[in-house]
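Q: One structure, as C-alpha cells, below. Some questions next.
The values are calculated or read from the model by the stated rules, or taken from the named source; none is laboratory data. Keep in mind that this is a model prediction, so the values were computed, not measured. Cβ sites come from the backbone with ideal geometry, for glycine too, and all protein chains shown count toward neighbours. These accessible areas exclude ligands, DNA and RNA; they are computed on the full protein's heavy atoms, side chains included. Shrake-Rupley method; radii C 1.70, N 1.55, O 1.52, S 1.80 Å.
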Amino acid sequence: MALYKKTLDKSQVPTYFHVPFIETGYRYLHQPWRFYLYSVFYNNMETLNVWTHVVGTLVMTSRLYKVSVTFDLCDLYTWPLLTSLLSFFATYLASSFAHMFSHKSKEVNCCIFMVDFAFIGLFGFGAVLNHYHYSVHVDITSQQQVLFTGSVLAIFCCVCGAVSKAVIHDPHSKHRSILTATGIGLLYVLSIIPIVNRILSSETTEGIYHHSKQIFNMVASGFFFSSRLPERLFPGKFDFFGNSHQVFHLLMIQASDSHVDGIIWDMLFRKLFRLPRVTASFWSTFGLIAIIAMADVFIMHRFYLTFKDRLVHQRSIPHVNNNTIFEKVTRHYPSSRDNSTE
C-alpha cells in the first residue's frame, strides 16, 4: 500500500495532466483500475474532487427518493422534474468517476472528461426543462422553440468539452477556458431567463427566494471555476484542500439543491391555483434527453478517434538522441568515426 500513498510533483507527469497552479498530489499513470479506486481513500489532488461529487450524488439520490414517495410518477406533470433530477444525479456520478480515473492514461482522461462535459450539458438542459415547465407559462410553440434551443446548446456544450480535451492539450490555454465558459454559460443564460424576468418584476414569493439562492451559488461557482482562486495567488498551497475546483463543486451542489426547492414550490403553486401550463410528454422529457445523449455519443466517438490516432502517430515517431545523431554523422563522414576512436 506504500505505492498507493505516494504522489508525484507536476514535473513528474506529462503536461497533458497538469492542472493550473496545482503543483503536487498527482498520481502514478498507467496503473490498474483498482489503484485509482483505492486512491480516493488517501490524500491526493483528486481525493476531495471525487468525494464532493459523491456528496452531490447522495443529495440528488435523496431528492429522487422524496419525489418518488411524494408525487405520482405516472403523472405527466412530474416528468420534467424527474428528468432533471436524473440528469443531475448522473452528472455528479459521472464527474466522480472522471476525477477518480483522471490519471489512468491520456486516452482515459480524454474520454472520461468528454463524458463529464456531455453530462454537464444534460445538467443544464434539465434546468431549462424545469424552468420552462414550472417557473413560467409559455405556449406550446414557444416551449418547443426553447426546448429545441436548449437541446442544441446541450450538444454544443459537449462539443466544447470534446474540443478542449481532444484538441487543445495545453491546460493553461485561454482557448480552453473560453470554450468551457461559453458551452456552460450559454445554456445557463437560457435556463435563467424566466427567473430573471420574475425577479425584475419584483416578485417576492418563496419560489423566488430559492431561485435567488440558486443564482447566487451558480454565479459564485462560475467565479471560482474561472478565476482559479485561491491557488492562483498561492501555487502549491491548496493542492489537496481548499482549491477553487473543490469550492466550485460545493457551490454547484448548493445551487442544484436550491434549484430543486424552487422548482417544487413553483410546481405545487401552479398546480394548486390551476395556472395555465403546457402538458409534458415522453418526447419533451425523457425522449429528448435520450436524443441529446445519442448525439453526444456520436460527437465524443469522433473526437476520441481523432485524439487516439494523434497519440498513435506521436508514439510511432522514434525518439532521437545524441547517439543516434552521432551515428548518422559518422555514417556519412567516415573520418569522423576514425577521429573519434583515436
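Q: For the stretch 85-106, what are the residues that are part of a helix (DSSP H, G or I) and either open to solvent by 30 Å² or more (accessible area, probe 1.4 Å) or of a type in the set (S, T, N, Q) (or both)?
A: 86, 87, 89, 91, 93, 95, 96, 97, 106
Q: Going through the stretch 180-192 one residue at a time, which ones are farther than 12 Å from residue 211 by Cβ and modelled with pLDDT of 90 or more?
A: Those that are farther than 12 Å from residue 211 by Cβ and modelled with pLDDT of 90 or more: 182, 183, 184, 185, 186, 187, 188, 189, 190.
Q: Could you tell me which of the residues 273, 307 is in contact with a helix residue (DSSP H, G or I) (Cβ under 6 Å, 6 or more places away or on another chain) and farther than 30 Å from residue 55 by Cα?
A: 307
Q: Residue 244 is checked against (1) over 30 Å from residue 42 (Cβ atoms); (2) open to solvent by less than 20 Å² (accessible area, probe 1.4 Å) and fails just one. What number does that condition carry?
A: (1)
Q: For the stretch 13-49, which residues satisfy the criterion of being of a type outside the set (Phe, Trp, Tyr), over 26 Å from residue 250 (Cα atoms) and touching a residue at least 12 places away in the same chain (Cβ under 8 Å)?
A: 13, 14, 15, 29, 30, 31 - these are the residues of the stretch 13-49 that are of a type outside the set (Phe, Trp, Tyr), over 26 Å from residue 250 (Cα atoms) and touching a residue at least 12 places away in the same chain (Cβ under 8 Å).
Q: Based on this model, can you work out whether residue 112 counts as surrounded by fewer than 24 Cβ atoms within 10 Å (Cβ to Cβ) and over 21 Å from residue 31 (Cα atoms)?
A: no
Q: If you go through the stretch 274-283 one residue at a time, do you hit one that is modelled with pLDDT of 90 or more and part of a helix (DSSP H, G or I)?
A: yes
Q: Considering the stretch 145-181 alone, what residues qualify as being of a type in the set (Lys, Arg) and in contact with a Ser or Thr (Cβ under 8 Å, 6 or more places away or on another chain)?
A: 176
Q: Additional query: From 234, 216, 241, which residue is closer than 28 Å to residue 151 by Cβ and of a type in the set (A, V, I, L, M, F, W, C)?
A: Exactly one residue qualifies, and that residue is 216.
Q: Please work out which residue is nearest to the chain's Cα centre (by Cα), limiting yourself to the stretch 228-263 and to residues that are closer than 19 Å to residue 126 by Cβ and without any contact (Cβ under 8 Å) to a residue 40 or more places away in the chain.
A: Step by step, filter the stretch 228-263, then rank; the result is 248.
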